[in-house]
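Student: One structure, as structure tokens, below. Some questions next.
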Amino acid sequence: MLSKKITDGTEFVVFDMEWNQPMPGKEYPFEVSKLTGEIIEIGALKYVYDNGELIYKDSFSTDIVPVKYTKLHYHVKKVTHKKNADLLNGIPFKDAYSGFRDFCGDAILVGWGSSDPSMLKMNLEFFGMDPKLGMFFLDLQPIFSLFAGLQGTQRSVEAAVDFYKIDKNEIFHSATADAHYTGAVFEEIFKHNKPSEVISAISSSSIDPDVPSDFSFVGPECLDSISAFATAGSFMKDCPLCGNRLSVKIPAFRIRKSQYALLECREHGELFSRTRVKKNKAGNYYSASVLRFATQNDYWLVASKKEEFDKYGEKGQPAVKPVEEEKES
Ligand SMILES: [Zn+2]
């Protein structure tokens with residue numbers, strides 16, 4: 001979508017974070033939903049793109065002393081191998097973030113999965129800082145799946161490390177180690193594929209985390225599912241960011257319980273849409289739709305569903321293996 005042009009000299013910051021969680025059942029003097037995790041570590045590596053290759057430039061690593069969730073949640077303890085005493089070694093979040101932001105400059109942020117930018121923004125917001133990151137973000141996980149021929153599946157960074165037979169000489173699940181592994185996977189993706197194809201996949205998948213990219217709509221109650229599907233149409237007409245009329249790239253088609261389409265705003269790029277019809281307790285039907293700026297995974301999803309629809313129609317391919325329902329991400 002709103003992607004930044006990638007040329008020689010474009011910088012990427014591959015990053016990872018660890019955060020602590022609230023203790024279940026404990027009362028806090030604030031709304032826990034406003035801080036579902038408190039960041040305790042940021043690790044990052046900087047690369048510069050040059051002539052089809054990623055060149056490593058610099059690294060950043062910091063521990064942060066939590067002020068809200070000061071005792072490690074058992075799950076976080078188990079996964080990160082940290083101890084409560086380790087938490088005291090950190091610096092305040094404000095200082096850590098300002099160091100990290102300086103390190104990033106105008107790089108494109110790269111992470112594994114899409115949760116880190118939203119967690120970072122949540123922490124900034126909670127601690128009264130400007131939640132605008134001012135950087136594009138690329139989720140490397142679907143890019144890896146695309147080039148590894150594993151589209152539509154979600155793999156851990158460790159699975160990607162195994163796929164490329166990268167040395168595993170650091171323990172996973174510290175922000176620094178995971179950023180290092182994610183960076184190594186990123187390098188391998190460039191090494192094993194045509195750089196122009198990698199660049200094109202990256203360009204069509206990076207998002208601006210400061211702009212809402214995901215929109216949902218619940219339609220009115222209807223007596224049957226066909227009218228319920230029809231109510232979603234009005235939600236798909238205009239770009240949710242600018243109100244421009246959307247043009248249709250792949251017209252809506254229904255397969256099994258979902259209806260898909262690919263739309264485009266001439267200013268903001270392509271939007272993926274999916275509508276499902278559900279039944280409420282009273283036995284009435286209603287539509288639940290999502291509209292979001294398309295990422296690599298969405299292009300794959302809508303194209304593969306369309307292919308199946310063209311071949312088998314509304315009922316889809318007769319189930320030989322259990323039908324993989326796509327993730328609600
Ligand atoms: Zn628009």
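Read the figures in this text as sums done on the coordinates, not as results from a lab. Only a predicted model underlies this, so the values are computations on that prediction, with no experimental measurement involved. All Cβ positions, even for glycine, are placed from backbone atoms using ideal geometry, and neighbour counts span all protein chains on display.
Student: Expressed as a fraction of 2.2 N^0.38 Å, the rule-of-thumb size for a compact globular protein of N residues, what is the C-alpha radius of gyration of segment 10-90?
Tutor: This ratio for segment 10-90 stands at 1.40.
Student: With the Cα gyration tensor of segment 235-298 in hand, convert its eigenvalues to equivalent ellipsoid semi-axes via √(5λ) and list them largest first in whole Å.
Tutor: Each semi-axis is the square root of five times an eigenvalue, giving 24, 13, 9 Å.
Student: Where does helix 93-104 land angle-wise versus the long Cα axis of the chain, in degrees 0 to 90, nearest 10?
Tutor: The two axes meet at around 80 degrees.
Student: Please report, to one decimal in angstroms, the Kirkwood hydrodynamic radius of segment 11-203 built from all distinct Cα-Cα pairs.
Tutor: Every distinct Cα pair counted, the radius reaches 17.4 Å.
Student: Still on this structure: So how strong a dipole does the chain carry about its Cα centre when Lys and Arg Cβ are +1 and Asp and Glu Cβ are -1, to the nearest 20 debye?
Tutor: Roughly 1240 debye, rounded to the nearest 20.
Student: To continue, here is another question. How many percent of all Cα-Cα pairs in segment 118-181 sit more than 14 Å apart?
Tutor: Tail of P(r) above 14 Å: 67 percent of Cα pairs.
Student: Filter K71/K165; K26/K94; K26/K82; K5/K315; K57/K168; K279/K315 down to the pairs with a C-alpha to C-alpha distance above 29 Å, please.
Tutor: The pairs that break the limit, which is 29 Å between Cα atoms, are K71/K165; K5/K315.
Student: Tally Lys and Arg at +1 and Asp and Glu at -1 over the other residues with C-beta under 14 Å from the C-beta of F309: what net charge comes out?
Tutor: +4
Student: For segment 222-329, what is the Kirkwood hydrodynamic radius in Å, using each pair of distinct C-alpha atoms?
Tutor: Hydrodynamic radius (Kirkwood, Cα pairs) of segment 222-329 is 14.6 Å.
Student: Restrict the search to segment 180-242; then list the GluC sites (Glu not before Pro) that DSSP places in a loop and that have at most 11 other Cβ atoms within 10 Å of their Cβ.
Tutor: The qualifying sites: there are none.
Student: Listing L88, L54 from the residue with the fewest other Cβ atoms within 10 Å to the one with the most, what is the order?
Tutor: Fewest-to-most ranking of L88, L54: L88, L54.
Student: Give me the base-10 log of I(q)/I(0) for the chain at each q in 0.06, 0.12, 0.14 Å⁻¹, Debye formula, one uniform scatterer per Cα, rounded to two decimals.
Tutor: Each listed q maps to, in turn, -0.25, -0.96, -1.21.
Student: For segment 105-151 and segment 50-98, write down the distance between their C-alpha centroids in whole Å.
Tutor: With segment 105-151 and segment 50-98 each reduced to a Cα centre, they are spaced 16 Å.
Student: Between segment 191-235 and segment 1-41, what's the alpha-carbon centroid distance in Å?
Tutor: Value for the Cα centre distance between the two parts: 22 Å.
Student: Rounded to a whole number of µm²/s, how large is the Stokes-Einstein D of segment 224-269 at 20 °C and 1.002 mPa s, given Rh as the Kirkwood radius over C-alpha pairs?
Tutor: Estimated via Stokes-Einstein, D reaches 187 µm²/s.
Student: Principal axes first, then extents: for the Cα atoms of segment 195-241, list largest minus smallest coordinate on each axis, whole Å, largest first.
Tutor: Answer, in whole Å and largest first: 52, 24, 14 Å.
Student: For K281, give me every one of the aspartates and glutamates with a C-alpha distance below 19 angstrom, ignoring sequence neighbours fewer than eight places off in its own chain.
Tutor: In chain and number order, the partners are E221, D224.
Student: Among M23, M119, M17, what is the fewest-to-most ranking by other Cβ atoms within 10 Å?
Tutor: So the ranking, lowest neighbour count to highest, is M23, M119, M17.
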